[in-house]
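What follows is one structure encoded as structure tokens, with my remarks underneath.
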Amino acid sequence: MSPDDLEVLYYGNPELRKVCAEVTTFDDELVGLAQEMERCMIAERGIGLAAPQVGRTVRMLLADAPGHGGSGVLCLVNPEIVESSREEDKYQEGCLSFPEIFADVKRPVRVRVRYQDLEGREHEVTDDALLARIIQHEIDHLQGVLFIDHLSTIKRRMLGKKLKELSRRASEQRAAARGG
Ligand code: CO
């Protein structure tokens, strides 16, 4: 692993609970982070990744859903949901910070999202399929909210053992990172 390869932080790492800062500087460093995040997401076979998952607590996320211009991975800076449908549905979600854990999460079907690109230009995207799902999951990350927070107490308790094991791995991961 090269020194600038990003590592996905596991559940239990306090970075995942932080509220991320708005991006105000649109420079090469931001573009570099987006590129590194994309490499990381592809390597981990994810379809979405939020900056705090790689320890950068800024409001930026990637979403890889087919059918949006075919340009591949979408990068959203300072994203904000400006409208969501009253209609909700359940969909099985996973998360790179929770390897091997999947759960049905209920969310609005359709969202309209305002965001900036890597050059700071404003855009809007509306979706009622997988992209909407990914963006909502990733925007949660920017607030320190994780998909398990949407589950009932009973369901979360059923995952208790797995979550405890993940927290243990997160501690090891942090110790290794400190050790260099
Ligand atoms: Co996630």
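No lab work stands behind these numbers, since they all come straight from the coordinates. Just so we're clear, the structure is a prediction, and the values are computed from it rather than from any experiment. Here Cβ is always computed from backbone atoms with ideal geometry, including for glycine, and neighbour counts include all displayed protein chains.
Remarks
- Computed over the alpha-carbon atoms, segment 131-179 gives an Rg to Rh ratio of 1.09, Rh here being the Kirkwood radius from the mean inverse distance.
- With eigenvalues of the C-alpha gyration tensor scaled by 5 and rooted, the chain, Å: 24, 22, 13
- For segment 1-90, the mean projected area of the C-alpha convex hull, equal to one quarter of the hull surface, is 7.9 nm².
- In a DSSP loop and with at most 13 other Cβ atoms within 10 Å, the trypsin sites (Lys or Arg not before Pro) in segment 71-180 are Arg86, Arg121.
- GNM top mover of Gly160, Gly55, Gly144 - the chain, alpha-carbon springs below 10 Å: Gly160
- Of Met158, Met41, Met60, the one that fluctuates the most in a GNM where the chain has Cα springs shorter than 10 Å: Met158
- Summary: within the chain, the longest segment free of chymotrypsin sites (Phe, Trp or Tyr not before Pro) located in DSSP loops with at most 16 other C-beta atoms within 10 Å is 103-180.
- Placing unit charges on the Cβ atoms of the charged side chains and taking the dipole of segment 126-180 about its Cα centre, the candidate lying farthest along the positive direction among His150, His137, Ser171 is Ser171.
- Think of the chain as a dipole: +1 on every Lys or Arg Cβ, -1 on every Asp or Glu Cβ, centred on the Cα centre; then among Val58, Ala34, Gln116, Val58 lies furthest on the positive end.
- Cα centroid separation - segment 9-43 against segment 133-180, whole Å: 16 Å
- Estimated [θ] at 222 nm from DSSP helical runs (n ≥ 4, -39500 (n - 2.57)) normalised by residues in the chain, nearest 500: -10000 deg cm²/dmol
- Low-density loop cleavage sites - trypsin sites (Lys or Arg not before Pro) in segment 9-56, where at most 10 other Cβ are within 10 Å (DSSP): Arg45
- Formal net charge of residues neighbouring Glu119 (Cβ-Cβ distance under 15 Å; K, R +1; D, E -1): -4
- For the chain, the relative contact order is 26 percent, taking Cα pairs closer than 8 Å that sit 6 or more residues apart in sequence and dividing their mean separation by the residue count.
- Largest GNM mean-square fluctuation across Ile135, Ile47, Ile154, computed for the chain with C-alpha springs under 10 Å, falls on Ile154.
- For segment 12-99, GluC sites (Glu not before Pro) meeting the loop criterion (DSSP other than H, G, I, E, B) and having at most 12 other Cβ atoms within 10 Å: Glu22, Glu87.
- Check: the chain dipole with +1 on Lys, Arg Cβ and -1 on Asp, Glu Cβ, in debye: 1160 debye
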